[in-house]
Structures are given as structure tokens and as C-alpha cells.
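Some notes on the structure that comes next.
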Amino acid sequence: MYIYLHNKYTKWYYAIIQSAQNRRLEPCTRVEKHHIVPKSLGGGNEASNLVPLTPREHYICHLLLTKMCTGKALHKMIHAAWTMARTRKGIRVTSRTYEVLKEKATKLISEASKGRAKRLGTPKGGFRGKTHSAETIDKMREASKNKWQDPEMGQKISAGMKKAAQAMTPEERSARAKKGWENITPEERSARNKKRWETRRLNAARK
């Protein structure tokens, strides 16, 4: 089982845990089960490792965990806190905290990608500067076309895109949409709009 660092954040963490273990909450109070030692760090589901926390306390504890670990354990705790900041409803996340978590998570993902490429022997730069053959492009186009024509697969892709959009801030969504439209011609914009409405019409007909 992982041993946390001895610092002020660990003290604050266990102060919240002990307070939660010794109190009585109103029956209507919303609580979430928290693993004192996360399962990813070797903790189990035994009662001694579980404590009921309010959503706010739960989020604060996961932020503190990012200050209490090192190495791979730190990577796991950053990922957990970042996921909670993006997906949990009812939790107030300051713009500064969101920015810090996002920068750390992005850095970890980038480092993991570089390490994976190195293990697989992928040359530096990956596919940059290369092109697919005409035959490969045709196969990729046909595979993509068939994927969208499958109603079940289309719904899965649509749900995934919607989930990703909900995880972004309004500013990020606006910037992404603006970037997608600024480098296309009016004819291409018209064609995209036509295709979008055709897709909506087909989806409505399936329902």
C-alpha cells in the first residue's frame, strides 16, 4: 500500500477524513464514498478504507492527494483530480485550479505518448511529413463512411463527441468552433451546413 509524503497537505487530508468519520450528518445530506487510500494506489473496499464525504470535501481531498504523492502515484492522482474537475456536477472549480490541473494532465498525456512511441520504435515526429497512398486513402474513406452509416456506431460517436464538448469550458468550445470555420471558403461552409442538416434529417427519420 502506498505511503503518502509527510507534509502539511497530508495533515490537512487526514484532518478532513477524521472529521468525517466522527460526525453525524443529516439523512438528506448528499455524500460520496471516498477511498482513503485510492484503489489505484493499493487501497481496497474494506470499511476501514472508506469514508463518506460531501462532494466538496471529496474534491478537496483529491486535490490534496496531488500534493501528497510522487512518481507514478502522482500521475494517477492528477488524472483522478482532473477527471473529477471536468465531470462532476455541483463542484465549484476556480479558473486557476482548472488551468493548473489541465496543464498537468496535458503534460502527463504528452509524456506518456512520447514514451509509448519510444517503446514501439516510432521515429521522431511520427507520421509527420509523410503521405498515405491513394489505395490507403480510399480504404480509410470507405471505413469511415461505413462507420457513420451504422446507426449504433453513429450514436456512440455522437455521444462521445457530445461528452467531450460538455467537458470543455464555454471559452474552449467557442475558440474551437471559431478555429474550425476561419480557414474554409464560403462554398465549403455551405457544403458543411448542408451535410449537417442532412445528417439531422436522417437521424430524425431513424427515430
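The values are calculated or read from the model by the stated rules, or taken from the named source; none is laboratory data. As the structure is a computational prediction, the values presented were derived from the model and not from experiment. In this analysis, Cβ positions are derived from the backbone assuming ideal geometry, glycine residues included, and neighbour counts consider all displayed protein chains.
Points worth noting:
- Selection of first residues in segment 45-65 that are farther than 20 Å from LYS8 by Cβ and of a type in the set (S, T, N, Q) and of second residues that are part of a helix (DSSP H, G or I) and modelled with pLDDT of 90 or more, restricted to Cβ pairs under 8 Å at least 6 apart or on distinct chains, gives the following pairs, ordered by first then second residue: ASN45/LYS39.
- Selected residue (criterion: nearest to the chain's Cα centre (by Cα)) from residues of segment 57-88 that are polar (S, T, N, Q) and either modelled with pLDDT of 85 or more or outside any helix (DSSP H, G or I) (or both): THR83
- The one condition from (1) part of a loop (DSSP other than H, G, I, E, B); (2) in the same structural domain as TYR13 (by TED's automatic domain parsing); (3) at pLDDT below 90 that PHE127 does not meet is (2).
- Some residue of segment 89-108 being surrounded by fewer than 16 Cβ atoms within 10 Å (Cβ to Cβ), in a loop (DSSP other than H, G, I, E, B), among the basic types (Lys, Arg) and not assigned by TED's automatic domain parsing to the domain that holds THR169: yes
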